[in-house]
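All remarks here apply to the structure that follows.
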Amino acid sequence: MTQAEANNRSAGISYQQLLAEDVVPPPAVLKLESPLTDVLIQSVPVSRYTTPEFHDLEMQRLWPKVWQMACREEEIPAVGDYLLYEIGQFSIIVVRTASGIKAHHNVCRHRGRRLCDFDGHAASFICPFHGFSWNIDGSLRGVTSSWDFPQIDHDDFDLNSVCCDTWGGWVFINMDAKAEPLAAFLGELPEHFAIWTPEQRYIEAHVGKVIGCNWKACQEAFMEAFHVITTHPQILAGIGDENSQYDAWGNFSRAITPNATPSPHLRWKPSEQELFDSVTMRELDQDPGPRVPDGMTARAMMAAGARAGLQRVVGEDAVISDAEVADSIYYTLFPNFHPWGGFNRINYRFRPFDNRHDKCLMECYYLSPFAGERPPPAKMHFLAEDEPWTNAPELGLLAKVFTQDTFNLPKVQAGLAAAQFDEVVLANYQETKIRHFHHLLSKWLAG
Ligand code: FES
Ligand SMILES: [Fe+2]
């Protein structure tokens, strides 16, 4: 048994060792390593993915009680702007009022019609059925033929309210009036992101796509680098897949996958030029790109290029480490929000689609820094289940990578539905984030 095997880690260089060689050293947050003693689950019942009963349990015990990201503040910039956040059978109006962002159940309190059908801007919400109306703060505005409703107390007929709070420019909602405050739920996550100021970024792109699998199976494909060796073999030369570091704290977890370093799975040693070409995803039929000078590493060159581009936006005196521009730093806030750290633009959200256990909506937001006035946020580009990611050119090179990821997923769902075993097994270290997620999910569903 090698020392690495004895430590239950890959034989490759550890992420922390790799950081120690960087030209511009990393911020303290990237040097953190969590204990992993709280992540006990090693296998997950197949039924968590395959049964409407388990979906129903989540719709009863998880979604109506947990904090969840509903939108960005910038999507509702003016008083009266609102959007609808849909989760399972629930629909929530998230609206900006003169006294801040508020959230209400999107249900008319007369005979229950959905109050709003689309995102929009309103001075008040007027039900399209009989015309009962509410002010945007949720207070009752008018009852049609109010003489005919003696039982309605006008001071006690507000829209059913939903807790609402913000962090990092994101708006979170919680349907449980007794929920702990958002800040307590987030724990140390805002401290981790303090240097990256997500509130000072704007939505450069927002793409959502329906995928034919359970929402958990989908997000789990984006919570580890373990799948790179077979799902994305074309990037293996320039990604430290097996060198990734995995952490879990409270309600959030993190993976950091180093780039511009060779995979420990490789049986050949790429040159610095090959590393650079791999990580910049140069196609074989493209002209040669920039040359890595003698004595420079691909990682340093990649970081220097990205840093120079960023500093034009965030300021020349900003200290931007190699790791913050070179590596994939992907957090997961339970249950379904995945903001990326550093200067990578990616943020994901996954949720059931059409209130089904076997369909989900995967969304990718690109959040970018900006100089000067905040640019308007991109609207969501919706891709149906049969549309390829490449129909969203705003995703750039990642569209092809996503296609590889999501190609597996309906086949995962089909395989799980046919499985003759009760549990899927999880890697001890590389699937830490998934184990941590299911550990928390078990606690929530226990009631
Ligand atoms: S259902 Fe809304 S006013 Fe009647
Ligand atoms: Fe992937």
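Just so you know, all these numbers are worked out from the coordinates, no wet-lab data involved. This is a predicted model, so every value here is computed, not measured. Ideal geometry is used to build each Cβ from the backbone, glycine not excepted, and the neighbour counts take in all protein chains shown.
So here's what we get for this one:
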| read-out | value |
| --- | --- |
| Cβ-based exposure ranking for D148, D247, in which fewest neighbours within 10 Å come first | D148, D247 |
| Label-zone membership for the range 202-230, site E86, 7 angstrom Cα→C-beta point, backbone N under 15 Å | 208-211 |
| Footprinting exposure proxy for I87, I173 (fewest neighbouring C-beta atoms within 10 Å first) | I87, I173 |
| From phi via Karplus (6.51, -1.76, 1.60), per-residue ³J(HN,Hα) for the range 158-169 in Hz, x at Gly/Pro | 6, 4, 5, 8, 10, 5, 8, 7, 10, 8, x, x |
| Angle in degrees between helix 298-314 and the longest Cα principal axis of the chain, rounded to the nearest 10 | 40 degrees |
| Computed lengthening from K411 to W147, 0.36 nm per intervening residue step minus Cα-Cα distance | 89.2 nm |
| Per-pair calculated FRET efficiency, R0 = 22 Å: S368 and T166 via Cβ, rounded to 0.05 | 0.70 |
| Residue pairs, from the table K31/K216; K102/K359; K216/K443; K178/K379; K359/K411, whose Cα atoms sit over 23 Å apart | K31/K216; K102/K359; K178/K379 |
| Hull-based mean projected area of the chain, where the convex hull spans the alpha carbons, in square nanometres | 24.3 nm² |
| Pairs of Cα atoms farther than 14 Å apart, the range 72-140, % | 52 percent |
| Dimensionless Rg ratio for the range 135-262, taking C-alpha atoms and the 2.2 N^0.38 Å reference | 1.64 |
| Neighbourhood net charge (9 Å Cβ-Cβ; Lys/Arg +1, Asp/Glu -1) for D81 | -1 |
| Förster-model FRET efficiency, 41 Å R0, E188 and L57, C-beta, rounded to 0.05 | 0.90 |
| Filtered GluC sites (Glu not before Pro), the range 362-447: DSSP coil and at most 10 other beta carbons within 10 Å | E373 |
| 3J(HN,Hα) from dihedral phi, the range 214-220, Karplus parametrisation 6.51/-1.76/1.60, rounded to Hz, x for glycine, proline | 4, 4, 6, 4, 5, 5, 5 |
| With Cα atoms, 0 to 90° folded angle of helix 432-445 axis to the chain main axis | 20 degrees |
| Structure-based [θ]222 nm, the chain - -39500 (n - 2.57) summed over DSSP H runs of at least 4, per residue, nearest 500 | -6500 deg cm²/dmol |
| Acute angle (nearest 10 degrees) that the helix 398-418 long axis makes with the longest principal axis of the chain, alpha-carbon atoms | 70 degrees |
| Residue exposure sequence - S133, S253 - by fewest surrounding Cβ within 10 Å | S133, S253 |
| Residue among P393, C116, N336 farthest towards the positive dipole end of the chain, charges placed on Cβ | C116 |
| M296 versus S442: modelled label distance in nm, points set 7 Å from Cα along the beta carbon direction | 5.0 nm |
